[in-house]
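Undergrad: Below are the structure tokens for one structure; questions will follow.
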Amino acid sequence: MDTHTRYTGLIEHYRDRLPVSETTRLISLGEGNTPLIQLQNIPRLIGKDVDIYVKFEGLNPTGSFKDRGMTMAVTKAVEAGSQAIICASTGNTSAAAAAYAVRAGIKAFVLIPEGKIALGKLAQTLMYGAKIIQINGNFDAGMALVKEVADHAPVTIVNSINPFRLEGQKTAAFEIVDELGTAPDYHCLPVGNAGNITAYWKGYSEYSTDTATHKAVTDKRPVMCGYQAAGAAPFVAGKMVDNPETIATAIRIGHPQSWDLAWNVQKQSNGWFDSQTDQQILAAQKMLSQYEGIFCEPASATSLAGALQDIASGKIPEGSRIVCTLTGNGIKDPDTAIAQCKDAVPVTIDASLDAVKKAILDNI
Ligand SMILES: *Cc1c(COP(=O)(O)O)cnc(C)c1O
């Protein structure tokens with residue numbers, strides 16, 4: 001008997017908790033099932049007795065958590081007979097939309113802000129062959145245009161205002177509970193449009209109930225902590241921000257689409273929103289690379305930057321079990337990474353044994 005089970009994506013894996021039927025054609029690239037890595041060196045470095053895990057979503061097929069939402073959104077778009085999808089994007093949504101559209105055999109249109117998209121994300125979107133519409137405006141302007149144009153053209157919006165996006169994304173919480181055996185005490189996330197923090201809360205909430213009996217199996221859900229970049233922090237300001245600015249381009253958003261939903265998450269989970277400067281975000285990104293061997297993109301490191309600040313202040317107490325979502329892969333933004341490591345850029349030496357030997361002995 002064949003005892004191997006091939007992992008074929010999160011819809012197949014969590015089918016009983018997702019809106020698909022036996023006959024639904026699943027559009028999948030094997031997304032989900034990402035590693036939950038316990039940090040070993042950073043807790044020691046900060047001298048605190050905390051368990052910190054990172055959910056490394058940068059290891060999804062297109063390198064970000066957007067794939068979780070996109071497999072579901074494109075599956076449902078195709079099921080409904082749609083021939084084209086559209087999104088506004090700071091980069092990762094466009095890469096995911098483009099890839100899943102190829103997989104489905106439909107067209108993808110993506111609106112991106114000129115010059116404010118990380119190089120790797122642009123490369124991906126070009127390679128997958130999406131129709132890129134570059135606008136002279138930021139994400140928020142693009143999002144407003146996408147909502148308008150969808151009323152005038154036969155295209156399905158696949159931004160996180162599409163409810164199927166959140167359905168797919170909630171499975172990350174399922175995976176964490178499956179792996180830890182219970183929900184963590186705190187869950188930390190970077191917040192842009194706030195779809196993901198909403199999706200995780202939905203996931204933790206649904207997983208605390210048995211699907212067959214509808215009875216509660218646990219009342220444990222985490223405190224949800226949402227962190228924003230200081231220059232793009234509408235949840236901290238308590239109002240929309242018109243000219244958001246941050247090096248963490250994936251969360252350079254001033255008008256979050258899931259505003260009310262995310263405030264409900266904050267209230268229900270007794271959580272909070274806070275912000276981090278670009279400097280703190282980049283420091284956390286580098287720390288993860290240099291002390292743990294984990295390379296995430298700048299926006300992703302906002303979750304750890306926030307957690308470290310709240311651990312230091314005692315707001316997150318010692319003895320806590322914390323999960324930080326690392327939303328995307330560091331390889332997507334090589335420019336920001338290289339600019340951060342100016343001092344480590346290699347000098348060129350002679351191609352001789354003596355010169356190479358000296359380079360080693362000088363640095364050992
Ligand atoms: C999309 C994205 C976010 C923000 O997620 P929201 O659901 O918009 O809050 C954070 N980090 C990365 C890398 C992203 O691509």
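Undergrad: Can you work out the Karplus-derived ³J(HN,Hα) for every residue in region 109-120? Use 6.51 cos²θ - 1.76 cosθ + 1.60 with θ = phi - 60°, whole Hz, and x for glycine or proline.
TA: 10, 10, 9, 10, x, 4, x, 10, 10, 5, 3, x
Undergrad: Mind checking the dipole of region 151-227: about its Cα centre, +1 per Lys or Arg Cβ, -1 per Asp or Glu Cβ, Debye to the nearest 20?
TA: The dipole of region 151-227 has a size of about 140 debye.
Undergrad: Per residue, what accessible area does the chain have, given a 1.4 Å probe and all protein chains present, in Å²?
TA: It amounts to 45 Å² per residue over the chain.
Undergrad: I've got another one for you. Per residue of the chain, what 222 nm ellipticity follows from adding -39500 (n - 2.57) for every DSSP H run with n ≥ 4, rounded to the nearest 500?
TA: When only DSSP H runs of four or more count, the value is -12000 deg cm²/dmol.
Undergrad: Just want the answer: with Cβ charges of +1 for Lys and Arg and -1 for Asp and Glu, which residue in T327, G69, Q266 is farthest toward the dipole's positive end in the chain?
TA: G69
Undergrad: Classify region 66-162 from the C-alpha gyration tensor, please: rounded if a/c falls under 1.5, else prolate or oblate depending on whether a/b exceeds b/c.
TA: Verdict is oblate for region 66-162.
Undergrad: Related question: Find which of M127, T90, P163 sits farthest along the positive direction of the dipole of the chain, computed with +1 on the beta-carbon of Lys and Arg, -1 on that of Asp and Glu, about the Cα centre.
TA: Value computed over the given set: P163.
Undergrad: Which value, in Å² rounded to 10, gives the accessible area of H13 with a 1.4 Å probe and all protein chains present?
TA: My reading of the accessible area for H13 is about 110 Å².
Undergrad: Along the charge dipole of the chain, pointing to its positive end and built from +1/-1 on Cβ of Lys, Arg, Asp and Glu, which listed residue (A108, I46, F139) has its Cα farthest out?
TA: The residue sitting most towards the positive pole is A108.
Undergrad: Also, quick follow-up: Using a 1.4 Å probe on the protein heavy atoms, what percent of the accessible area of region 66-162 belongs to carbon and sulfur?
TA: 55
Undergrad: At 1.4 Å probe size, what's the solvent-accessible area of R221? Round to the nearest 10 Å².
TA: R221 has an accessible surface of roughly 100 Å² with all protein chains in place.
Undergrad: Turning to a different aspect of this structure: Let me check I've understood the local charge: for P244, count other residues with C-beta under 9 angstrom from its C-beta, Lys and Arg +1, Asp and Glu -1. What total comes out?
TA: Local net charge: -2.
Undergrad: To the nearest 20 debye, what charge dipole does region 66-162 have about its Cα centre, counting +1 at the Cβ of each Lys and Arg and -1 at the Cβ of each Asp and Glu?
TA: It works out to roughly 260 debye.
Undergrad: I want to check a number: in region 66-162, how many lysine pairs have alpha carbons closer than 15 Å, given a sequence separation of 8 or more or different chains?
TA: Final tally of qualifying lysine pairs is 4.
Undergrad: What does the charge count near T211 come to, summing +1 for each Lys or Arg and -1 for each Asp or Glu among other residues with Cβ under 12 Å from its Cβ?
TA: 0
Undergrad: Give the ranking of M240, M72, M127, M287 by solvent-accessible surface, highest area first, calculated with a 1.4 Å probe.
TA: My answer, sorted largest first, is M127, M240, M287, M72.
Undergrad: Let me ask another. Would you grab the residues whose amide H sits under 5 Å from the one on I27? Only those 5+ places off in sequence or on another chain, please, with H modelled 1.01 Å from N.
TA: For I27, whose amide H was placed from the backbone, the distant partners under 5 Å are T75.
Undergrad: Which value, in Å² and to the nearest 10, is the accessible area of K215 when all protein chains are kept and the probe is 1.4 Å?
TA: Ignoring ligands and nucleic acids, K215 comes out at about 140 Å².
Undergrad: Counting Lys and Arg as +1 and Asp and Glu as -1, each charge on the Cβ, what is the dipole of the chain about the Cα centre in debye, to the nearest 20?
TA: Using only the charged Cβ atoms, the result is roughly 400 debye.
Undergrad: How high is the relative contact order of the chain, in percent, counting Cα pairs under 8 Å that sit 6 or more residues apart?
TA: With pairs under 8 Å counted, the relative contact order is 19 percent.
Undergrad: Rounded, prolate or oblate for the chain? Axes are the square roots of the Cα gyration tensor eigenvalues, ordered a ≥ b ≥ c, and the cut-off for rounded is a/c under 1.5.
TA: Note, shape of the chain comes out rounded.
Undergrad: With a ≥ b ≥ c taken as the square roots of the eigenvalues of the C-alpha gyration tensor of region 170-298, please select rounded if a/c is under 1.5 and otherwise prolate if a/b is larger than b/c or oblate if it is not?
TA: Because a/c hits 1.5 or more and a/b fails to exceed b/c, region 170-298 counts as oblate.
The values are calculated or read from the model by the stated rules, or taken from the named source; none is laboratory data. Quick caveat: nothing in here was measured; it's all calculated off a predicted structure. Note: ideal-geometry Cβ built from the backbone for every residue, glycine included; neighbour counts use all protein chains shown. Ligands, DNA and RNA are stripped out before the accessible areas are found, and what is left, the full protein with its side chains, is counted by its heavy atoms. Shrake-Rupley method; radii C 1.70, N 1.55, O 1.52, S 1.80 Å.
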